[in-house]
Amino acid sequence: MLKKLKICGLKYNNNISDIIDLYPDFIGFIFYDKSPRFVGSNFLAPNTIGISKVGVFVNEKEDNLLKISLKNNLDFVQLHGTESPDYCSNISKYGIKIIKSFGIDNDFSFEEISKYRNYVNYFLFDFKSTLYGGSGKKFSWEKIYDYNLKVPFFLSGGINSNDFDQINNLKIPFFLGIDLNSCFEIKPGLKNIFLLKKFLSRIKEKYLSDNNGLYGFFGGAYIPEMLYNNINNLKNEYNKIIKNKFFKKKIKLLLHNYVGRPSPLFFCKNLSKLYGAKIYLKREDLNHTGSHKINNTIGQALLAKEMGKKNIISETGAGQHGVATATICSLLGLKCTIFMGKVDRKRQIQNVYRMKMLGANIITVNSGSKTLKDSVNEAIRYWINNPECYYMIGSAVGPDPYPRMVSYFQSIISEEIKEQLKESDKLPNYIIACLGGGSNAAGIFYHFLDYESVNLIGVEASGLGVNTNKTAATIKKGSLGVLHGSLTILMQDKYGQILEPYSISAGLDYPGIGPMHANLFYKKRATFISIPDLEAIEAGIELASLEGIIPALESAHALACLKKISFKKNDLVIINLSGRGDKDMDTYIKHIKNQKKNQNQKKNQKKNQNQNQKKKKNKNQNQKK
Ligand SMILES: *Cc1c(COP(=O)(O)O)cnc(C)c1O
């Protein structure tokens, strides 16, 4: 796999935005007025997060180069003329990072360039022409085996779509990446996005699914024949409508006016001080109905309406998805039936009342562990018998198209974060989210998947501990199998029977994870940590006391992760606060009361000990007298 990609010679604003969406590692603008790709004297480079901006110059006056670099906030200057080592030394003193390029021909000797090595960050090797680049011609890459300096370098000059294999086979130390320019253009400065996309899909790892819901080999649709028509129909309708701008606008409008989006990205001063990093919370708890679940139900309810469906069925664990479903059904005049396990019903009774008031019909599930997985089973069973219903799944699980559809509807979370970070022009170092089925994590990871420098961390619930059988730590304990129509990682016994999961938080109490996360785990793109009940509760109490925010127990698992990572001082950390803690007050209060009781007991014990000691002392003293 190639490490770095640089796309050079950008010029037109719309085209630049499209290129930024491809997430190359570097983009280059040409500030040389004799080039057909010259950006013009009024040009101002856009802010980009995670993409380095390079300005290309040819024998420019030093003060001019400094001015342009400052004005455009450039990360690198690329020197494409006959600039001397002294010239590089001078401008490097201003803290400017340098890429020095050289035209290579058969007579070129790499010894000539060793004088530059202390002043430049990278070299770039191009075909030698009198045009200073963009000629579309290649030099003989064999030559590169003579290179023996320790400065990383780019290959440039006439690289086109057919060069993939040859580039892939160049096994040379310090080969950093490639620079694409003229062979991917419609005309000078206007890049061919279609060609670039195609090329990129070959050289970059892909973390989102294809149109059949495959994430690597995870996902897909392993379904009983009875469901085939339903799923196929849904998939076709979704694939169609998701390209429709009007449909997307409808979703955005409701997210804005009804849910209250964008949700704030809140800087936690006190938490930051405690953990020695810059910690932000994405406040999904402030959404209407109190969690991220509403983002997904709005998308799916609008889709159901488009499909002419009037009956919505769904499952719920913590009741958050049930409430979000009942809410949107009430708003759009749809009939709503919710399956909920008996155990969950008991521990999330407030949400049961809310669903009832919103007009939903609740069916209590008594099978299995009477929790989330069993509710999904019942809902699917009901759907088979009532195919006219729309099944609105609540997490990034199930057969295709559900995982990619739910992930997409939740991706608004990271879309907003990218916008909210624009001012700081910095990528997060860590993104942390709790993981039930994986929808809030998928949503906050989504637009950062391609930025490999961003550490993605998924937090599972380990319940009473991963070594007990009271746990929901799917990745730690699980293995490959099919759950609810999707090939993924799940907890099962040696006969393939699903194990009963356990977590104190009903929203994480699921024996599988969505296929996207299984693939992220397999490809080592994300890290997965598990947190036991007690640590989560304590992290929730800590947030309440430090920042005045009571988190859902699910989100508290993500917060507890702060204790497990050693941060550097300026690390930017974003935690998805997936929901608010109102529904969990009983659990929190029970813990706080127990804590008080224990503290009092200890105090009393000490008191008694002290009194006993005093008595003994007195006795001794009396005896002495
Ligand atoms: C449902 C829920 C979760 C877990 O579900 P995911 O699909 O993994 O996001 C997490 N937090 C809250 C508040 C929830 O309601």
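As a summary of the residue check, Glu547 satisfies the conditions (1) touching a Ser or Thr at 6+ places or on another chain (Cβ under 9 Å); (2) under 20 Å from Glu284 (Cβ atoms) except for the one numbered (1). Given the structure, is Asn604 away from the ligand (no atom under 16 Å from the Cβ) and either in contact with a helix residue (DSSP H, G or I) (Cβ under 8 Å, 6 or more places away or on another chain) or without any contact (Cβ under 8 Å) to a residue 24 or more places away in the chain (or both)? Answer is yes for this residue.
One residue stands out among those in the stretch 418-446 that are more than 16 Å from the ligand (Cβ to nearest atom) and touching a strand residue (DSSP E or B) at 6+ places or on another chain (Cβ under 9 Å): the one that is farthest from Gly478 (Cα to Cα), which is Ser424. Selection over the stretch 567-581 of residues that are assigned to a loop (DSSP other than H, G, I, E, B) and buried (at least 24 other Cβ atoms within 10 Å of the Cβ) gives a count of 1. Looking at Gly55, Gly9, Gly28, which is the one that is on the phi > 0 side of the Ramachandran plot, of a type outside the set (Val, Ile, Thr) and modelled with pLDDT of 95 or more? Exactly one residue qualifies, and that residue is Gly9. For Ala473, the conditions (1) farther than 30 Å from Asp25 by Cβ; (2) away from the ligand (no atom under 15 Å from the Cβ); (3) among the hydrophobic types (A, V, I, L, M, F, W, C) all hold with the exception of (2).
Would you confirm, using the coordinates I've provided, whether Tyr353 is touching a residue at least 24 places away in the same chain (Cβ under 8 Å) and open to solvent by 20 Å² or more (accessible area, probe 1.4 Å)? No, not satisfied.
For Ser545, the criteria (1) within 16 Å of the chain's Cα centre (by Cα); (2) small (Gly, Ala, Ser); (3) more than 24 Å from Asp344 (Cβ to Cβ) hold in every case but one, which is (1).
If I filter the stretch 393-405 for residues that are open to solvent by 10 Å² or more (accessible area, probe 1.4 Å) and in contact with a Lys or Arg (Cβ under 6 Å, 6 or more places away or on another chain), do I get at least one hit? Within the stretch 393-405 (the criterion being open to solvent by 10 Å² or more (accessible area, probe 1.4 Å) and in contact with a Lys or Arg (Cβ under 6 Å, 6 or more places away or on another chain)), the answer is no, since none of the residues qualifies.
Being outside the structural domain of Asn230 (by TED's automatic domain parsing), within 12 Å of the chain's Cα centre (by Cα) and closer than 21 Å to Lys235 by Cβ: is that true of Ser414 here? Before you say what the answer is, go through the steps one by one.
Numbers: outside the structural domain of Asn230 (by TED's automatic domain parsing): yes; within 12 Å of the chain's Cα centre (by Cα): yes; closer than 21 Å to Lys235 by Cβ: no.
Considered against the rule, which asks whether it is outside the structural domain of Asn230 (by TED's automatic domain parsing), within 12 Å of the chain's Cα centre (by Cα) and closer than 21 Å to Lys235 by Cβ, Ser414 comes out as no.
Which residue pairs have Cβ atoms under 6 Å apart, sit 6 or more places apart or on different chains, and have a first residue in the stretch 126-151 that is modelled with pLDDT of 85 or more and a second that is assigned to a helix (DSSP H, G or I) and surrounded by 14 or more Cβ atoms within 10 Å (Cβ to Cβ)? As it stands, the answer is Asp146/Phe110; Tyr147/Phe110, since those pairs meet every condition given. Only one of the numbered conditions (1) touching a Lys or Arg at 6+ places or on another chain (Cβ under 9 Å); (2) within 14 Å of the ligand (Cβ to nearest atom) is not met by Ser411, and that is (1). Here Glu225 passes the criteria (1) in the same structural domain as Glu388 (by TED's automatic domain parsing); (2) of a type in the set (D, E, K, R); (3) open to solvent by less than 70 Å² (accessible area, probe 1.4 Å) except the one numbered (3).
Could you list, in sequence order, the residues of the stretch 543-552 that are free of Cβ contacts under 8 Å to residues at least 60 places away in the same chain and crowded, with 24+ Cβ neighbours inside 10 Å? Let's see the steps before the verdict.
Step one: of the stretch 543-552, the residues free of Cβ contacts under 8 Å to residues at least 60 places away in the same chain are 544-545, 548, 550.
Answer for the stretch 543-552, where residues must be free of Cβ contacts under 8 Å to residues at least 60 places away in the same chain and crowded, with 24+ Cβ neighbours inside 10 Å: there is none.
Which one is nearest to Ile30 (Cα to Cα), of the residues in the stretch 86-118 that are part of a helix (DSSP H, G or I) and without any contact (Cβ under 8 Å) to a residue 12 or more places away in the chain? Per the stated criteria, the residue is Asp86.
Kindly establish whether Val376 is within 16 Å of the ligand (Cβ to nearest atom) and farther than 23 Å from Asn287 by Cα.
Answer is yes for this residue.
Inside the stretch 262-281, residues that are touching a His at 6+ places or on another chain (Cβ under 9 Å) and crowded, with 20+ Cβ neighbours inside 10 Å make up a count of 1. Does Lys250 satisfy the condition of being over 23 Å from the mean Cα position of the chain (by Cα), surrounded by 17 or more Cβ atoms within 10 Å (Cβ to Cβ) and farther than 30 Å from Ile549 by Cα? Considered against the rule, which asks whether it is over 23 Å from the mean Cα position of the chain (by Cα), surrounded by 17 or more Cβ atoms within 10 Å (Cβ to Cβ) and farther than 30 Å from Ile549 by Cα, Lys250 comes out as no. Is it the case that the stretch 349-361 has a residue that's modelled with pLDDT under 95 and either charged (D, E, K, R) or not assigned by TED's automatic domain parsing to the domain that holds Asn239 (or both)? Checked against the condition, which is being modelled with pLDDT under 95 and either charged (D, E, K, R) or not assigned by TED's automatic domain parsing to the domain that holds Asn239 (or both), the stretch 349-361 yields no hits at all. Asn377 - would you say it is open to solvent by 20 Å² or more (accessible area, probe 1.4 Å) and not aliphatic (A, V, I, L, M)? When the stated conditions are applied, Asn377 passes them. Would you confirm whether any residue within the stretch 268-277 is within 16 Å of the ligand (Cβ to nearest atom) and at pLDDT 95 or above? Checking the stretch 268-277: not a single residue is within 16 Å of the ligand (Cβ to nearest atom) and at pLDDT 95 or above. Residues that are open to solvent by 50 Å² or more (accessible area, probe 1.4 Å) and in contact (Cβ under 8 Å) with a residue 60 or more places away in the chain were ranked within the stretch 522-542; the one that is nearest to the ligand (Cβ to nearest atom) is Thr527.
The values are calculated or read from the model by the stated rules, or taken from the named source; none is laboratory data. Quick caveat, the model's predicted, so the values are computed rather than measured. Every residue, glycine among them, receives a Cβ derived from its backbone with ideal geometry; neighbour counts consider all protein chains shown. With ligands, DNA and RNA removed, areas are computed over all heavy atoms of the protein, side chains included. Shrake-Rupley method; radii C 1.70, N 1.55, O 1.52, S 1.80 Å.
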